[in-house]
Amino acid sequence: MKSPVLDVQGLRTSFFSEGEEVPAVDNVDFHINEGEILGIVGESGCGKSVTSLSIMGLIPKPPGKIVGGKILFHGEDLTLAKEKRMREIRGNEIAMIFQEPMTSLNPLFTIGNQLIEAIKIHNKNWGKQKARDRAVEILKLVGLPRAEELINEYPHQLSGGMRQRVMIAMAMVCGPKVLIADEPTTALDVTIQAQILGLMKRLNEELNTAIMLITHDLGVVAEVCKRVVVMYSGKIVEEGDVHTIFNNPKHPYTVGLIKSIPDMREKQDRLYSIPGNVPKPGSIKQGCRFAARCEYALDKCKTQTPELFNVGSNHKVRCFLHEEQEVVG
């Protein structure tokens, strides 16, 4: 059995405003095995991106702070690591593809300058030509044509799909053990989206890179992931392998997300949507955070917070509808 390369235990990340603590990630546990693709899904505001920024050590301080839990990378707790150590890990061993490539790439520098900078930070003894050759090599690896010319171009000269490939190249250039991809296909058309997903699968298979894929698109999860974690309002509400989650979802929120996917085989007069909105962080002080939107809510759902229950082999759900099952330790 493959061992976890990244193990998040009881992670709690909060933001502080006018003396009030607002929890954005609340007691989150999950792990990623070597060479695995893990999907993290949920609507905007569910804590997915804050979780990834916590792992990267990029939570803005102030107002944000990791207030509890552990983030174990090969056994090392990153919550205790100094900034110097995090700079060594960030980009070199754990890399991240951010949501919007146009704002993540510096418009004042060429693609080559930005790639070479990332290479030389982690390979200080490399000469400029060796770093440039590596930059061209990684651009070719992610499927970009005429890499020798493209390295001298600026971000605005590239299409959206090409910029996203550059972002993947920048993340992969130092051969990280873990790649965090935060909505890597947002705002791309379906053709380019398919190409990006295919590229990520190929990099995972060829380089054995563990990938944490953050998305709100369940179709993307079904395409590339092995396991999936469903987050809602800062908590994990369901976790399992992709086949189980799609064929036998247990949490009403997961059921709603799957029902929201249009079925092209049937004519639908109206697309399904989960009623209501994700609550603001910290606005629900007690009870299940999904209770106000849940058609199956019980009386105690409004006053008590459910634990994670084991409902099958490697299948967990946070819902009182399944409380007769064993509580996850």
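Of all positions in the stretch 164-185, none carries a residue that is surrounded by fewer than 16 Cβ atoms within 10 Å (Cβ to Cβ), out of contact with any Ser or Thr (no Cβ under 8 Å at 6 or more places or on another chain) and on the phi < 0 side of the Ramachandran plot.
Look through 59, 55 and report the one residue that is in contact with a helix residue (DSSP H, G or I) (Cβ under 6 Å, 6 or more places away or on another chain) and not in a strand (DSSP E or B). Step through it out loud before you land on a result.
Working: 55 fails: in contact with a helix residue (DSSP H, G or I) (Cβ under 6 Å, 6 or more places away or on another chain).
Only one candidate passes the filter, namely 59.
Against the test of being of a type outside the set (Ser, Thr, Tyr), more than 24 Å from residue 190 (Cβ to Cβ) and in contact with a helix residue (DSSP H, G or I) (Cβ under 7 Å, 6 or more places away or on another chain), the options 137, 148 yield a single qualifying residue, 148.
Pull up the stretch 121-154, narrow it to residues that are among the β-branched types (Val, Ile, Thr) and outside any helix (DSSP H, G or I), then point me to the one that is modelled with the highest pLDDT. It would help to see each step written out before you state the result.
Step one: list which residues in the stretch 121-154 are among the β-branched types (Val, Ile, Thr), which gives 121, 136, 138, 142, 151.
Checking which are outside any helix (DSSP H, G or I) leaves us with 142, 151.
Values: 142: 84, 151: 93.
Top of the filtered list is 151.
Entry remark, the stretch 1-44: residues being under 13 Å from the mean Cα position of the chain (by Cα) and of a type in the set (Gly, Ala, Ser) number 3 in total. For the stretch 275-329, the set of residues classified as within 24 Å of the chain's Cα centre (by Cα) and of a type in the set (D, E, K, R) consists of 280, 289, 307, 316, 318, listed by residue number.
Can you find, within the stretch 286-307, the residue that is nearest to residue 324 (Cα to Cα) among those that are in contact with a strand residue (DSSP E or B) (Cβ under 7 Å, 6 or more places away or on another chain) and not hydrophobic (A, V, I, L, M, F, W, C)?
Within the stretch 286-307, the first condition is being in contact with a strand residue (DSSP E or B) (Cβ under 7 Å, 6 or more places away or on another chain), and the residues that meet it are 289-290, 307.
Checking which are not hydrophobic (A, V, I, L, M, F, W, C) leaves us with 289, 307.
Values: 289: 20, 307: 11 Å.
Within the stretch 286-307, the match that is nearest to residue 324 (Cα to Cα) is 307.
Against the conditions (1) closer than 29 Å to residue 3 by Cβ; (2) over 25 Å from the mean Cα position of the chain (by Cα); (3) acidic (Asp, Glu), residue 137 satisfies every one except (1). From the list 318, 293, 270, 289, the one residue that fits, being among the charged types (D, E, K, R) and in contact with a Ser or Thr (Cβ under 7 Å, 6 or more places away or on another chain), is 289.
I need the full set of residues from the stretch 197-214 which are surrounded by 22 or more Cβ atoms within 10 Å (Cβ to Cβ) and outside any loop (DSSP other than H, G, I, E, B), in order please. Passing the criteria: 200, 210, 211, 212, 213, 214. Exactly one residue out of 316, 300 is outside any loop (DSSP other than H, G, I, E, B) and either in contact with a Cys (Cβ under 9 Å, 6 or more places away or on another chain) or surrounded by fewer than 16 Cβ atoms within 10 Å (Cβ to Cβ) (or both): that is 300.
For the stretch 278-292, filtered to residues that are assigned to a loop (DSSP other than H, G, I, E, B) and among the aliphatic types (A, V, I, L, M), the residue that is surrounded by the most Cβ atoms within 10 Å (Cβ to Cβ) is 278. Which condition number in (1) under 26 Å from residue 46 (Cα atoms); (2) touching a residue at least 12 places away in the same chain (Cβ under 8 Å); (3) surrounded by fewer than 20 Cβ atoms within 10 Å (Cβ to Cβ) is the one that residue 103 fails? The one condition residue 103 does not meet is (2). Kindly indicate whether any position in the stretch 243-251 is under 20 Å from the mean Cα position of the chain (by Cα) and either closer than 28 Å to residue 17 by Cβ or in a loop (DSSP other than H, G, I, E, B) (or both). Looking for residues that are under 20 Å from the mean Cα position of the chain (by Cα) and either closer than 28 Å to residue 17 by Cβ or in a loop (DSSP other than H, G, I, E, B) (or both), one finds none in the stretch 243-251, hence no.
Table: residues versus (1) modelled with pLDDT of 95 or more; (2) within 17 Å of residue 57 (Cβ to Cβ).
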| position | (1), (2) |
| --- | --- |
| 7 | yes, yes |
| 10 | yes, no |
| 22 | no, no |
| 31 | yes, no |
| 35 | no, no |
| 40 | yes, no |
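Condition (residue is part of a loop (DSSP other than H, G, I, E, B) and closer than 14 Å to residue 40 by Cα) applied to the stretch 254-276: is it met by at least one residue? Within the stretch 254-276, none of the residues are part of a loop (DSSP other than H, G, I, E, B) and closer than 14 Å to residue 40 by Cα.
The values are calculated or read from the model by the stated rules, or taken from the named source; none is laboratory data. Just so it is clear, the structure is predicted and the values come from calculations on it, not from any experiment. Methodologically, a virtual Cβ is constructed for each residue, glycine included, from the backbone with ideal geometry; neighbour enumeration extends over all protein chains shown.
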